[in-house]
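One structure below.
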Amino acid sequence: MSDIRIEKTKTPKEKPDFSKLGFGKFFTDHMFLADFNEKDGWHDLRIVPFDFIPIHPASTVLHYGAEIFEGMKAYKLEDGYQMFRPLENLARMNNSAERLCLPFIPEDMWLNALTTLINLDKDWIPNLPGTSLYIRPFMFGNDETLGVHAVHRATFVIILSPVGNYYAEGLNPVKISIENQDVRAVRGGTGYAKCGGNYAASLRAGKRAEEKGISQVLWLDGVERKYIEEVGSMNVMFKINGEIITPKLTGSVLPGITRKSCIELLKEKGYKVSERLISVEELAKAAENGTLEEAWGTGTAAVVSPIGHLYYEGKDYTVSDNKIGTLTAELYDELTGIQWGKIADTHGWCYKVKI
Ligand code: COI
């Protein structure tokens, strides 16, 4: 594989106020790109000034949605930065690639691209509590033909965005409505892959929810419309009668890396964690009889986000008095403590880079 060619920007941008970042609004000075075709494999690895990407009007991604992505974060340290479980993201990216018939990314290319780009834009890693550098790797099919076929050409890109909280609520509980009309994914479809199409399918219900002042929707399974799946921007966990329940990975739920990490942390704390089917009736009943003690979402962008209200079929179920639950707060502190380098990383989850 070729080295990365670097073209530095001649017009570095002014950095945003790190105390007012929000999510995904600002982008660093550079981006990474690489092209793939069957003859040359991955080639023309390059870091160039952040800019528009020229695209052929017949490109596969524009017509048939051949696109996959990842979400990761880098955290500032005294002597450099660290990424959280980047090889887990690569494994998921390659699983998504397999589902969408896109090319795999080799580990050396992944790590080299990430570290070379972040090293170049290191001054964009925010240093305030609760902030990080969000990393968005993505790949799209780029054949210049309208035939519907598995792609032969692709482009892989990494962009970087200094971020604060994903939700406007910050660490305050979010409102979630359980969606009973639209469906996000079905088994055998692409639900487990991180592909743009899953998110496109979620936008109409998300818009309806936002119009009612609700942050996000919680999806039910697409066949029986009965079992809780995920929120789209995060997986979900419930504390019911002392037990932690999270929907099992049936094929239509994204295998979240934060989800997996939280399960490990919770088990180490001695909690019983059940990855199983949980029906909306079971959840509603637990909310009604007071055994639903806490609910939260997990995700790279969302981190650990408390859920304060669940809406379903006209009813409003308040969770934890609409306050952050004790365990939710503990989990948030522990996970972010490891990510921000304040708590010892006994699991070997962090990939440190000294600069
Ligand atoms: C992430 O948590 O990184 C995601 O990709 C979720 C969302 C922002 C689409």
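Annotations for the structure displayed:
- Extreme residue, surrounded by the fewest Cβ atoms within 10 Å (Cβ to Cβ), among residues of region 110-134 that are assigned to a loop (DSSP other than H, G, I, E, B) and within 16 Å of the ligand (Cβ to nearest atom): Gly130
- Long-range neighbours under 6 Å by Cβ, at least six apart or interchain, first residue at positive phi within region 327-355, second part of a strand (DSSP E or B): Gly341/Leu77
- Restricting region 274-322 to residues that are open to solvent by 20 Å² or more (accessible area, probe 1.4 Å), β-branched (Val, Ile, Thr) and away from the ligand (no atom under 16 Å from the Cβ), the residue that is nearest to the chain's Cα centre (by Cα) is Thr318.
- Residue within region 332-353 that is of a type in the set (S, T, N, Q), closer than 30 Å to Ser161 by Cβ and more than 16 Å from the ligand (Cβ to nearest atom) present: yes
- Gly270 satisfies every condition listed in (1) crowded, with 18+ Cβ neighbours inside 10 Å; (2) within 17 Å of Thr246 (Cα to Cα); (3) not β-branched (Val, Ile, Thr) except (1).
- Boolean, Pro137 is open to solvent by less than 20 Å² (accessible area, probe 1.4 Å), under 21 Å from the mean Cα position of the chain (by Cα) and either within 25 Å of Met93 (Cβ to Cβ) or of a type outside the set (Gly, Ala, Ser) (or both): yes
- Count - residues of region 309-326 that are within 18 Å of Glu281 (Cα to Cα) and not basic (Lys, Arg): 10
- Subset of region 23-47 (residues that are closer than 13 Å to Ile118 by Cα and more than 16 Å from the ligand (Cβ to nearest atom)): Thr28, Asp29, His30, Met31, Phe32, Ile47
- Residue in region 157-169 that is crowded, with 20+ Cβ neighbours inside 10 Å, more than 16 Å from the ligand (Cβ to nearest atom) and within 18 Å of Val319 (Cβ to Cβ) present: no
- Being under 20 Å from Ala97 (Cβ atoms) and within 20 Å of the chain's Cα centre (by Cα) holds for only one residue in Phe69, Phe36, Phe27, and it is Phe69.
- Scan of region 229-245 for residues that are more than 14 Å from Ile307 (Cα to Cα), more than 15 Å from the chain's Cα centre (by Cα) and either within 15 Å of the ligand (Cβ to nearest atom) or open to solvent by less than 10 Å² (accessible area, probe 1.4 Å) (or both), ordered by number: Glu229, Ile244, Ile245
- Of the strands (runs of 3 or more DSSP E) lying entirely inside region 1-109, those containing at least 2 residues that are surrounded by 19 or more Cβ atoms within 10 Å (Cβ to Cβ) and of a type in the set (A, V, I, L, M) are 30-37, 41-49, 72-77.
- Residue identified as in contact with a Cys (Cβ under 7 Å, 6 or more places away or on another chain) and β-branched (Val, Ile, Thr) among Thr258, Thr291, Thr246, Thr298: Thr298
- Condition met for Asp143 (over 24 Å from Leu254 (Cβ atoms), open to solvent by 10 Å² or more (accessible area, probe 1.4 Å) and touching a Ser or Thr at 6+ places or on another chain (Cβ under 8 Å)): yes
- Exactly one residue out of Thr155, Thr131 is under 19 Å from Met234 (Cβ atoms) and among the β-branched types (Val, Ile, Thr), and it is Thr131.
- Residue match in region 103-125 (condition: in contact (Cβ under 8 Å) with a residue 12 or more places away in the chain and more than 23 Å from Val48 (Cα to Cα)): no
- For region 248-259, the condition of being open to solvent by less than 20 Å² (accessible area, probe 1.4 Å), part of a strand (DSSP E or B) and touching a residue at least 40 places away in the same chain (Cβ under 8 Å) holds for none of the residues.
- Subset of region 213-228 (residues that are farther than 20 Å from Asn165 by Cα, open to solvent by 10 Å² or more (accessible area, probe 1.4 Å) and in contact (Cβ under 8 Å) with a residue 40 or more places away in the chain): Arg225, Lys226, Tyr227
The values are calculated or read from the model by the stated rules, or taken from the named source; none is laboratory data. Note that the structure is predicted; figures quoted are calculated from it, not measured. Heads up, the Cβs are rebuilt from the backbone with ideal geometry, glycines too, and the neighbour counts pull from every protein chain shown. To get the accessible areas, we keep the full protein, side chains included, count just its heavy atoms, and leave off ligands, DNA and RNA. Shrake-Rupley method; radii C 1.70, N 1.55, O 1.52, S 1.80 Å.
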